[in-house]
Amino acid sequence: NAGVTQTPKFQVLKTGQSMTLQCAQDMNHEYMSWYRQDPGMGLRLIHYSVGAGITDQGEVPNGYNVSRSTTEDFPLRLLSAAPSQTSVYFCASSSRRTTAHGYTFGSGTRLTVV
Amino acid sequence: GENVEQHPSTLSVQEGDSAVIKCTYSDSASNYFPWYKQELGKRPQLIIDIRSNVGEKKDQRIAVTLNKTAKHFSLHITETQPEDSAVYFCAAMAPNTGGFKTIFGAGTRLFVKA
């Protein structure tokens, strides 16, 4: 049982490049989400999914795309990287069957856009 | 929109003293209140939670209290130790279409001085 696995842990991109941050969970959680955390700041929701085939926008979705083809995987795509997207990205999952539960977070991806 | 206010933003205590972090939420439909601890460079981790039908919950040196009427909840850490130094986030979760909506507080940076 690995929990939530994120790859890569570190990435440097040039402005305009695209890339995909991977997130996988093995807990059969229905809910998955992507947050970004800027230095000294809290967690801001980018996109989330309540189940396979269902995604929705969070607080700061511009510049990012997601898809949820399986329960386990929830990749985050940066379409054309910008310096403003330099941040630490966390994937989180939760069971949403009947009652609210806390999140299990991945270890994070530290992204630098130059 | 709905929000969660967290205070203080920074808290410095002497080892052995108690620390209290307070959060106020606005969405009266919120029914689950988790607390996360994030050590430097690490992922946020759930440390304690409380549901709206409970007024207080304790787990060793940490406890959480909830006042539904006033819409605020607090984290109490007793006999603080240097390893308690971290950023603490509160969150409020409320049911919405397809699952639950989560709003995080901005975080409290706790320093425990040896």
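Suppose the filter is surrounded by fewer than 19 Cβ atoms within 10 Å (Cβ to Cβ), more than 11 Å from every other protein chain (Cβ to nearest Cβ) and either within 30 Å of B:Thr10 (Cα to Cα) or modelled with pLDDT under 95 (or both); does A:Thr70 pass it?
Considered against the rule, which asks whether it is surrounded by fewer than 19 Cβ atoms within 10 Å (Cβ to Cβ), more than 11 Å from every other protein chain (Cβ to nearest Cβ) and either within 30 Å of B:Thr10 (Cα to Cα) or modelled with pLDDT under 95 (or both), A:Thr70 comes out as no.
Of the residues A:Ser49, A:Ser95, which is among the small types (Gly, Ala, Ser), surrounded by fewer than 22 Cβ atoms within 10 Å (Cβ to Cβ) and within 28 Å of B:Lys37 (Cα to Cα)?
Going through A:Ser49, A:Ser95 in turn, the sole match is A:Ser95.
Mind listing whichever residues of region B:40-56 are at pLDDT 95 or above and more than 12 Å from chain A (Cβ to nearest Cβ)?
If the condition is that a residue be at pLDDT 95 or above and more than 12 Å from chain A (Cβ to nearest Cβ), then B:Glu56 is the only one that fits.
Starting from residues that are part of a loop (DSSP other than H, G, I, E, B) and facing another protein chain (nearest Cβ under 8 Å), keep the ones in region B:81-114 and report whichever is surrounded by the fewest Cβ atoms within 10 Å (Cβ to Cβ).
B:Gly98
Being within 15 Å of A:Gln25 (Cβ to Cβ) and not β-branched (Val, Ile, Thr) is the filter here; which residues of region A:35-66 pass it? Show your work before the answer.
At the first step, the residues of region A:35-66 found to be within 15 Å of A:Gln25 (Cβ to Cβ) are A:35, A:48-52, A:66.
A:Tyr35, A:Tyr48, A:Ser49, A:Gly51, A:Ala52 - these are the residues of region A:35-66 that are within 15 Å of A:Gln25 (Cβ to Cβ) and not β-branched (Val, Ile, Thr).
The values are calculated or read from the model by the stated rules, or taken from the named source; none is laboratory data. Note that the structure is predicted; figures quoted are calculated from it, not measured. No Cβ is skipped: glycine too gets one built from the backbone with ideal geometry, and neighbour counts run over all protein chains shown.
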